[in-house]
1. Counting helices only, and only those DSSP H runs with n ≥ 4, report the 222 nm mean residue ellipticity of the chain as the sum of -39,500 (n - 2.57) divided by its residues, in deg cm²/dmol to the nearest 500.
2. Based only on other Cβ atoms within 10 Å, what is the fewest-to-most ordering of 249, 20, 122?
3. Rounded to the nearest 0.05, what FRET efficiency do residue 52 and residue 204 have when you use their Cβ-Cβ distance and R0 = 41 Å?
4. Apply 1/(1 + (r/R0)^6) to the Cβ-Cβ distance of residue 176 and residue 35, taking R0 = 25 Å, and write down the FRET efficiency to the nearest 0.05.
5. Residue 140 to residue 288: extension gain in nm, 0.36 nm per residue of separation minus the Cα-Cα distance?
6. Above 13 angstrom, tally the Cα pairs of region 253-294 and express them as a % of all pairs, no decimals.
7. Under the Karplus relation 6.51 cos²θ - 1.76 cosθ + 1.60, θ = phi - 60°, what is the ordered set of whole-Hz ³J(HN,Hα) values for region 196-204, x standing for Gly and Pro?
8. Work the Kirkwood hydrodynamic radius out for region 105-182: mean of 1/r over every pair of different alpha-carbon atoms, inverted, in Å.
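Each value in this text was obtained by applying a stated rule to the coordinates, not by laboratory testing. Remember, it's a predicted structure, so these values are computed and weren't measured experimentally. Note: ideal-geometry Cβ built from the backbone for every residue, glycine included; neighbour counts use all protein chains shown.
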Amino acid sequence: MTEFTASSLVSSNLKQEELFPIREVSRLTGVNPVTLRAWERRYGLIQPIRTDSGHRLYSQADVEAVRSILGWIERGVAVSKVGKILARSEQAKAACAPVGQEPAVGEWEAWQARVRRAVAQFDEAELDRLYGQVFSSYPLPVVFQDILMPLWQEMLVSQEAFGQASEWLFLDSFLRGRALQRLQLAREPGAERLLLAAIPGHCRELELLVAGLLLSGPELAPMLLGLGQPLAELTLICEKTQPQALVLFSNQPPAADLPRQLDKLALGLNCPLLLAGDAADLAQDSLVGSTVGCLGSEGRLMRRRLQQFLAGHLDT
């Protein structure tokens, strides 16, 4: 009775927010309870509330945090370093949110559930309808970074059950087509060129396309180079295209020698060199004082930092 009463009081205080016991979180995420407790005690990565009897209860935000942690670990980031990355991401989102406005997380999850149902039925017409509706409700950064890409990432790392790989491929193909179409439509006559390339093996095509969308604008038109573009040949391409800047994109943990490689590349370029994506957050400290600028991974800040850098107002 004590646990039930405490849980009811907590639910009331959180205004009907759904709370999950540790066994349910383990089922939803695939992370065993021992690991969940370790992430809490050793690293402070998640902070569940406790009932009067000491049982842990997790919110939906906690569940999403666990999935985000898993995503970073899948990319090779040590769990001890994940907390700093998550904190930077939250700070970036807070910095870009309008004053007094809280993220509509519950609404985003509702959209994700609708998209997931359409994908499970391989219903392209319904998926296209939902895609149009979500764009009419939110700005581009929210649509991709808060709604569609988290779902895409979750489905990418959860392909064990029969049919799930096919569902992810269906969603990936759909989003790649729509993102490419949106990039083509966004090009304005007379816009300055921005060269965008992925560090080989460090992202998937959709992630690069979304990065191009987040960086594009009336005055800047990203030119995306194909996956596998050799870094050594970027100096040649920059000489021929004369871009305002070259942005390298990576969603993988940077290698120890990445700062040296980037500094060497920057010396041969006739334009500024910038780093974007998750690698930019991880390599930011090691690139302080170098000739390479970091744009980060948060879409609502990437473009602002790019504009500031090109205007000479953002230090490297």
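1. Values: 14 runs with 167 residues, N = 316.
Helix-only estimate at 222 nm: -16500 deg cm²/dmol.
2. Working: 249 27, 20 18, 122 13.
If I rank by nearby Cβ atoms, fewest first, I get 122, 20, 249.
3. Plugging the Cβ-Cβ distance into 1/(1 + (r/R0)^6) gives 0.35.
4. Working: r = 33 Å, r/R0 = 1.34.
Here the calculated transfer efficiency is 0.15.
5. Working: separation 148, 0.36 × 148 = 53.28 nm, distance 3.00 nm.
Stretched out fully, the residue 140 to residue 288 stretch lengthens by 50.3 nm.
6. On the way: 399 of 861 pairs.
The calculated P(r) of region 253-294 puts 46 percent of pairs beyond 13 Å.
7. 10, 9, 8, 5, x, x, 9, 6, 9
8. Values: mean 1/r = 0.0797 Å⁻¹.
Kirkwood hydrodynamic radius for region 105-182: 12.6 Å.
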